[in-house]
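The values are calculated or read from the model by the stated rules, or taken from the named source; none is laboratory data. Just so we're clear, the structure is a prediction, and the values are computed from it rather than from any experiment. Cβ placement follows ideal geometry from the backbone for every residue including glycine, while neighbour counts extend to all protein chains displayed. These accessible areas exclude ligands, DNA and RNA; they are computed on the full protein's heavy atoms, side chains included. Shrake-Rupley method; radii C 1.70, N 1.55, O 1.52, S 1.80 Å.
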Amino acid sequence: MTPLVSIVIPCHNAAPWLAQAVESALAQTWPNKEIILIDDGSTDDSLAIARTFESRGVQVVAQANAGASAARNHGLRLAQGHFLQFLDADDLISSGKIA
């Protein structure tokens with residue numbers, strides 16, 4: 001049995017980079033993962049971009065702007081995994097990182 005890994009992506013006004021960050025999380029070779037994206041009150045198109053990934057299993061949650069730590073903590077509370085990987089919305093993760 002492979003343990004569940006939770007990938008938490010806090011996001012605030014990261015529209016130019018967000019799709020690539022989420023794609024890098026989805027591309028993980030580790031088979032048992034959940035991706036949780038917390039939009040922290042973005043005023044750009046970040047939330048709309050994030051919602052396009054819901055059909056691929058990404059859990060998207062919107063909250064009022066409270067800062068990066070609050071977004072990370074919200075994602076942590078929702079995470080069900082045995083392990084946790086934080087991924088900034090303007091960053092990429094190599095496909096074999098979790099494996």
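Summary of values
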read-out	value
Yes/no for Gly41 being open to solvent by less than 50 Å² (accessible area, probe 1.4 Å), modelled with pLDDT of 95 or more and on the phi > 0 side of the Ramachandran plot	yes
Number of positions in region 58-84 that are over 17 Å from Ala14 (Cβ atoms) and open to solvent by less than 60 Å² (accessible area, probe 1.4 Å)	3
Residue within region 45-63 that is more than 14 Å from the chain's Cα centre (by Cα) and acidic (Asp, Glu) present	yes
Members of region 51-80 that are in contact with an Asp or Glu (Cβ under 6 Å, 6 or more places away or on another chain) and not polar (S, T, N, Q)	Val60, Ala62, Ala71
Qualifying positions in region 85-99 - out of contact with any Ser or Thr (no Cβ under 7 Å at 6 or more places or on another chain) and open to solvent by 70 Å² or more (accessible area, probe 1.4 Å)	Phe86, Asp90, Asp91, Ser94, Lys97
